[in-house]
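Colleague: Questions regarding the structure given below will be posed in turn.
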Amino acid sequence: MSSVETHSSSVHHQAASAQQFPEGRVISCLDKGFVRLVDSMGSDAAIVQAARVSYGAGTKQVSEDRGLIRYLMRHAHSTPFEMVEFKFHVKLPIFVARQWIRHRTANVNEYSGRYSVMHDEFYVPEGAQIRPQSATNKQGRGDETLSADESAHILDLLKTGQTQAYQDYETLLDRNVARELARINLPVSMYTEWYWKIDLHNLFHFLRLRMDAHAQYEIRVYAEAMAEMVREITPLAFEAFEDYALNAVRLTAPETRALKRLLSAHDLDDAALLESGLSKREMAEFRGKVEKIRAAQ
Ligand SMILES: Cc1cc2nc3c(=O)[nH]c(=O)nc-3n(C[C@H](O)[C@H](O)[C@H](O)COP(=O)(O)OP(=O)(O)OC[C@H]3O[C@@H](n4cnc5c(N)ncnc54)[C@H](O)[C@@H]3O)c2cc1C
């Protein structure tokens with residue numbers, strides 16, 4: 001636990017020079033949080049190295065590293081991506097941690113409110129993030145902003161509640177109530193810290209879900225910070241992830257039938273496909289998919 005506290009006190013200092021090196025890099029998140037890359041194992045080369053064990057001579061056809069990584073990602077050959085690992089130190093509000101912890105494939109060690117006194121640090125959203133309930137998405141906030149007066153009033157309410165909760169917490173500690181009980185009325189806006197270690201395949205799964213527009217803004221901020229670090233260490237894998245997972249679209253069977261109707265009026269000429277950025281191999285794969293769509297019942 002003491003090591004967590006030591007790290008947190010040095011983080012703001014590190015943040016200033018964080019851009020220069022990937023290991024130990026810190027990106028500030030929200031008002032008081034951060035993601036710090038503690039350690040990583042492997043790079044694009046580790047993915048290629050592992051893949052070549054399983055494909056052996058077959059990889060001669062896709063001998064170039066970038067091509068191989070893109071092939072693996074496109075065809076969901078995921079285990080070579082598990083050869084790369086990332087360990088992050090994260091400071092985040094408890095409500096973000098609750099969403100984050102649902103990703104079960106990571107190793108986690110969190111600050112203990114039973115062992116240590118919780119710090120007086122709470123997430124206070126920026127005024128622009130204080131929005132009404134979305135009219136179309138039951139799980140999210142809408143696009144409209146509130147008047148300056150209304151948002152100031154709401155911020156005030158949030159801060160007052162946080163201050164009161166922390167004062168009560170201190171009162172309970174002063175009365176020698178056990179730390180594990182004194183903390184039970186603290187709000188989920190309070191910051192916690194953890195170490196979080198995960199392999200690249202599962203990290204990409206996390207990023208695909210948590211960088212998506214449907215994810216809550218506050219967890220998206222952290223996902224985007226980690227994505228920046230991952231892009232630096234495994235640029236080829238990240239590019240493949242962007243092309244074949246993050247920005248790819250999965251169609252349902254009814255959507256496929258709808259697309260079939262659209263496609264039936266059009267021919268696919270090679271020049272147009274090349275202009276779309278498809279390699280020759282991807283073009284062939286795409287034509288295969290289009291045939292499947294055209295054959296959809
Ligand atoms: C926008 C959004 C809204 C959400 N809303 C809600 C909500 O309202 N309520 C709620 O409860 N949750 C909600 N969630 C959480 C969601 O249901 C998942 O629990 C979370 O995204 C983790 O996904 P996962 O299980 O695929 O990931 P991980 O736990 O990271 O697992 C990765 C993959 O590993 C495999 N795996 C992991 N553990 C097991 C296991 N024990 N058995 C079998 N396979 C396993 C699965 O294939 C899984 O897809 C939401 C998530 C998002 C992104």
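Colleague: Out of everything in segment 11-41 that is more than 18 Å from residue 125 (Cα to Cα) and touching a Ser or Thr at 6+ places or on another chain (Cβ under 8 Å), what residue ends up being modelled with the highest pLDDT?
Modeller: 23
Colleague: Among the residues in segment 104-113, are any closer than 16 Å to residue 221 by Cα, surrounded by 14 or more Cβ atoms within 10 Å (Cβ to Cβ) and in contact (Cβ under 8 Å) with a residue 12 or more places away in the chain?
Modeller: no
Colleague: Ok, one more. Can you name the residue in segment 186-216 that is over 30 Å from residue 42 (Cβ atoms) and surrounded by 12 or more Cβ atoms within 10 Å (Cβ to Cβ) and, of all such residues, is nearest to the ligand (Cβ to nearest atom)?
Modeller: 216
Colleague: Can residue 225 be described as assigned by TED's automatic domain parsing to the domain that holds residue 48, surrounded by 13 or more Cβ atoms within 10 Å (Cβ to Cβ) and under 30 Å from residue 295 (Cβ atoms)?
Modeller: Judged against the criteria, residue 225 is not a match.
Colleague: So, one more: With respect to residue 151, determine if the residue is away from the ligand (no atom under 16 Å from the Cβ), of a type in the set (S, T, N, Q) and out of contact with any Pro (no Cβ under 6 Å at 6 or more places or on another chain).
Modeller: Yes, satisfied.
Colleague: From 219, 233, which residue is within 16 Å of the ligand (Cβ to nearest atom), in contact (Cβ under 8 Å) with a residue 12 or more places away in the chain and assigned by TED's automatic domain parsing to the domain that holds residue 36?
Modeller: Exactly one residue qualifies, and that residue is 219.
Colleague: Return the only residue of 240, 271, 258, 284 being closer than 30 Å to residue 40 by Cβ and among the small types (Gly, Ala, Ser).
Modeller: Details: 271 fails: closer than 30 Å to residue 40 by Cβ; 258 fails: closer than 30 Å to residue 40 by Cβ; 284 fails: closer than 30 Å to residue 40 by Cβ.
Selected residue: 240, the only one of 240, 271, 258, 284 that is closer than 30 Å to residue 40 by Cβ and among the small types (Gly, Ala, Ser).
The values are calculated or read from the model by the stated rules, or taken from the named source; none is laboratory data. Being a predicted model, the structure only gives us computed values, none of them experimental. Methodologically, a virtual Cβ is constructed for each residue, glycine included, from the backbone with ideal geometry; neighbour enumeration extends over all protein chains shown.
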